[in-house]
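The values are calculated or read from the model by the stated rules, or taken from the named source; none is laboratory data. Please read all numbers here as calculations on a predicted model, not as lab measurements. For neighbour counting, all protein chains shown are included, and Cβ atoms are generated from backbone atoms with ideal geometry for every residue, glycine included. Heads up: the accessible areas ignore ligands, DNA and RNA and are worked out on the full protein's heavy atoms, side chains in. Shrake-Rupley method; radii C 1.70, N 1.55, O 1.52, S 1.80 Å.
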Amino acid sequence: MSITGLTEWAYPLAESLLAKPLPRRWAHSQGVAERARTIAPILGADADLMGAAAVLHDIGYAPDLAKTGFHPLDGARYLRDVAHANERVVRLVAHHSCAWMEAEARGLREELESEFPREQPHLRDALCYCDMNTTPDGTPTNPVDRVNEIAGRYGADSLIGAFIRRAEPEILESTGRVVERLAAAKRRHPM
């Protein structure tokens with residue numbers, strides 16, 4: 001599949017997997033895709049790629065796809081093996097929002113990294129920014145509140161609660177790099 005039209009291809013796929021069984025997750029995914037549109041100026045030719053990855057990033061939560069219980073891996077495998085998605089979209093889904101840390105906690109890091117090489121750092125940062133600036137209902141938030149929301153929803157002693165606290169410094173650094181790129185772009189091209 002070519003890069004052109006990826007977002008257009010991705011929306012109905014994500015909707016078919018998430019809208020009915022997981023409407024809140026679908027709302028979140030749409031919000032993440034909206035954040036991707038807002039940072040398109042710093043993504044250049046990769047804006048469509050990011051839009052697709054953003055709307056698809058959580059499909060691994062879909063009941064029909066959840067095999068390992070680790071949604072980045074389950075979603076990426078589905079995209080690769082069933083949907084035959086663009087390889088770069090698959091890699092972004094597999095590694096979104098510090099997934100390697102959760103994979104490590106689940107004993108799946110080697111599996112994740114051997115199957116799915118990481119995408120370029122600035123694109124991983126961009127997807128993390130979009131995800132961590134979106135509430136579960138799809139509305140804008142900020143990374144600190146998002147991390148706190150995730151930890152509160154799952155509980156501090158849960159695997160997810162422990163992972164998100166461990167990942168917090170990297171999430172804040174990652175999203176901060178995107179903010180810096182947006183500011184630099186604005187300075188270069190003021191409105």
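Let me check the size of region 1-64 from its C-alpha atoms; what are the radius of gyration and Dmax in Å?
Final numbers for Rg and Dmax: 11.6, 35 Å.
Cα-based Rg (one decimal) and Dmax (whole number) for the chain, in Å?
Over the chain's Cα set, Rg and Dmax evaluate to 15.5, 48 Å.
Each residue of region 178-190 in order: what ³J(HN,Hα) in whole Hz does its phi give by Karplus 6.51 cos²θ - 1.76 cosθ + 1.60, θ = phi - 60°, with x for Gly and Pro?
5, 4, 5, 5, 5, 5, 5, 5, 5, 5, 6, 10, x
With a 1.4 Å probe and every protein chain left in place, work out the accessible area per residue of region 1-77 in Å², rounded to a whole number.
Details: 3120 Å² over 77 residues.
Per residue, region 1-77 has 41 Å² of solvent-accessible surface.
Could you give the length gained on full extension between Arg165 and Ala183, defined as 0.36 nm per residue of separation minus the Cα-Cα distance, in nm?
Details: separation 18, 0.36 × 18 = 6.48 nm, distance 2.71 nm.
Working it through step by step, the gained length comes to 3.8 nm.
Please list, ordered by chain and number, the residues whose modelled amide H lies under 5 Å from the amide H of Ala85; skip anything fewer than 5 residues away on the same chain.
Arg80
Out of residues 5 or more away from Thr134 or on other chains, whose amide H comes under 5 Å of its own, with H placed 1.01 Å from N in the peptide plane?
Answer set, sorted by chain and number: Thr141.
For region 71-117, just list the percent of Cα-Cα distances falling in each 5 Å bin from zero outward, please.
Computed distribution, short to long bins: 5, 27, 37, 21, 9, 2.
Can you tell me the length gained on complete extension of the stretch Glu111 to Arg37, counting 0.36 nm per residue apart and subtracting the Cα distance? Mind showing how you got there, number by number?
On the way: separation 74, 0.36 × 74 = 26.64 nm, distance 3.15 nm.
Taking 0.36 nm per residue and subtracting the Cα distance, the gain is 23.5 nm.
Carbon and sulfur together cover what percent of the accessible area of region 38-191 at a 1.4 Å probe radius? Before the final figure, lay out the partial values.
Details: 3720 of 6860 Å².
Carbon and sulfur: 54 percent of the exposed surface of region 38-191.
Once R0 is set to 30 Å, what does the formula 1/(1 + (r/R0)^6) return for the Cβ-Cβ distance between Ser16 and Leu172, expressed as a FRET efficiency to the nearest 0.05?
Values: r = 34 Å, r/R0 = 1.13.
Given R0 = 30 Å and the Cβ-Cβ separation, E is 0.35.
Per-residue counts of other Cβ atoms within 10 Å, averaged by peptide: what ranking do you get for 81-91, 178-188, 138-148, highest first? Mind showing how you got there, number by number?
Details: 81-91: 18.4, 178-188: 13.1, 138-148: 15.5.
Most protected by this proxy first, the peptides run 81-91, 138-148, 178-188.
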